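The values are calculated or read from the model by the stated rules, or taken from the named source; none is laboratory data. As the structure is a computational prediction, the values presented were derived from the model and not from experiment. Heads up, the Cβs are rebuilt from the backbone with ideal geometry, glycines too, and the neighbour counts pull from every protein chain shown. Just so you know, the surface numbers come from the protein's heavy atoms only, side chains and all, with ligands and any DNA or RNA stripped out. Shrake-Rupley method; radii C 1.70, N 1.55, O 1.52, S 1.80 Å.
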Amino acid sequence: MNITGRVTRDAQVRTLSDSRQVVNFSVAINESYKNKKGDKVEQTTFFECAYWISPRVAEWLTKGTVVELTGMVSARAWKGNDGEPRAGLNFNTSNIKLHGGGKKSESAEAMKIGQNAEQENKKVTVKEPEDDIPF
């Protein structure tokens, strides 16, 4: 399953008792549609996500970043401290594609601009071929 949404809080890396690491983060998906009366209805669905492959991705999963995720969804139910029933959705993520928009994207964009300026300052010499090759 694929979902695209916005990270709602900075990702956190947890180390389990068996030394495995998991990246936990939350994603919100906004959808809008018109009901039978023609009124616009906006609905937000939240997913608690887990990514087990590499903890390094956590530094890019910051609040506000738009991400496209591939993985499996599961539902969970529990009773809250107040005794009321609660429900939520988990997303076990196997692939993450970043689309920008978070805190890190501004510094990454500045770094790209700096690299481009550095490359423009370098002179590139192109040597013309000595022989014409017919095609």
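Key figures for this structure:
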read-out: Whichever residue in the stretch 1-31 is open to solvent by 70 Å² or more (accessible area, probe 1.4 Å) and of a type in the set (Ser, Thr, Tyr) and, among such residues, is nearest to the chain's Cα centre (by Cα); value: Thr4
read-out: Condition check for Ala110: over 26 Å from Val7 (Cβ atoms) and modelled with pLDDT under 75; value: no
read-out: Whichever residue in the stretch 43-54 is β-branched (Val, Ile, Thr) and in contact (Cβ under 8 Å) with a residue 24 or more places away in the chain and, among such residues, is least open to solvent (accessible area, probe 1.4 Å); value: Thr45
read-out: Residues that are in a loop (DSSP other than H, G, I, E, B) and either touching a Leu at 6+ places or on another chain (Cβ under 6 Å) or among the small types (Gly, Ala, Ser) (or both), drawn from the stretch 72-82; value: Gly80
read-out: Any hit, the stretch 43-58, residues being more than 15 Å from Thr93 (Cα to Cα) and hydrophobic (A, V, I, L, M, F, W, C); value: no
read-out: Qualifying residues in the stretch 55-94 (those that are polar (S, T, N, Q) and touching a residue at least 12 places away in the same chain (Cβ under 8 Å)) - the one most open to solvent (accessible area, probe 1.4 Å); value: Asn92
read-out: In the stretch 13-54, residue farthest from Leu69 (Cα to Cα) [restricted to those that are in contact with a helix residue (DSSP H, G or I) (Cβ under 7 Å, 6 or more places away or on another chain) and not aliphatic (A, V, I, L, M)]; value: Gln21
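Okay, residues lined up against (1) touching a strand residue (DSSP E or B) at 6+ places or on another chain (Cβ under 7 Å); (2) farther than 18 Å from Met1 by Cα; (3) at pLDDT below 95:
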{"site": "Arg56", "(1), (2), (3)": "no, yes, yes"}
{"site": "Trp60", "(1), (2), (3)": "yes, yes, yes"}
{"site": "Lys79", "(1), (2), (3)": "yes, yes, yes"}
{"site": "Glu84", "(1), (2), (3)": "no, yes, yes"}
{"site": "Gly88", "(1), (2), (3)": "yes, no, yes"}
